[in-house]
Structures are given as structure tokens and as C-alpha cells.
Amino acid sequence: GGELVEKDKIIIDAKINGDITAGEIITHPNSNIKGNIKSQVASLGGKLKGNVSSDRIDIKKTANIEGVLNQKTLSIEEGAHLKIKTETYK
């Protein structure tokens, strides 16, 4: 486990157990994350089990996400596998 903190952009293409905080988070199709994500922008294309708190969440068709999403704006591509609860804030 552990925590990953990056003030700018982070691109994830691996297996991670732990929370991630960054300005922008991009996960690639073969990423596998167990943990929570906090960012301004999250572009999610891989596997994620955890909660996401971000101003903007973009879910790609390759994504497989289980958790709770809190965001201002949310976009989901057709084909994504989701088991989520979501709440939009102003």
C-alpha cells in the first residue's frame, strides 16, 4: 500500500494498491488500482476499485470501475463497465 501524491499530472499504467492524489490523473487500460483518487481531472481507462473525488471525471470505454464518484462533471463512454454510485456537486 501507500499513497501517491503528485501536484501536476500522473499517468498510471500499472497495478497500484493505495490512494492517489494529483492535479490530473490518467489511467490506462491495463492499470489496476485499489484505492481512492482525488484530483481536479480524472480520465479513467483502467480497472479501479475505490472512490473518486474530482471536478471532472471522464470514464473511457475500457474502464472497469467499482466505487463512489463525486464530481462536478461526468462523462462516460459507451462500453465502460461500472458498478458505481455518483453524486454531482456545484
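The values are calculated or read from the model by the stated rules, or taken from the named source; none is laboratory data. Here the structure is a predicted model, which means the values were calculated and not measured. Using ideal geometry, Cβ is built from the backbone for each residue, glycine included, and neighbour counts are taken over all protein chains shown.
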- Evaluate segment 66-83: report whether one residue or more is within 9 Å of the chain's Cα centre (by Cα) and either surrounded by fewer than 17 Cβ atoms within 10 Å (Cβ to Cβ) or of a type outside the set (F, W, Y) (or both). yes
For V5, the lone unmet condition from (1) among the β-branched types (V, I, T); (2) modelled with pLDDT under 95; (3) in contact with a Leu (Cβ under 9 Å, 6 or more places away or on another chain) is (3)
Pairs returned, first residue in segment 6-22 that is farther than 12 Å from K47 by Cα, second residue that is surrounded by 14 or more Cβ atoms within 10 Å (Cβ to Cβ) and among the small types (G, A, S), beta-carbon separation under 6 angstrom, 6 or more apart or interchain, are E6/A22; I10/A22; G18/G35; D19/G35; A22/S39
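Go through segment 6-27 and give me each residue that's outside any strand (DSSP E or B) and either among the hydrophobic types (A, V, I, L, M, F, W, C) or surrounded by 17 or more Cβ atoms within 10 Å (Cβ to Cβ) (or both).
A14
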Taking segment 44-81 and keeping only residues that are assigned to a strand (DSSP E or B), closer than 20 Å to I20 by Cα and aliphatic (A, V, I, L, M), one is left with L44, L48, V52, I57, I59, I65, V68, L69, L74
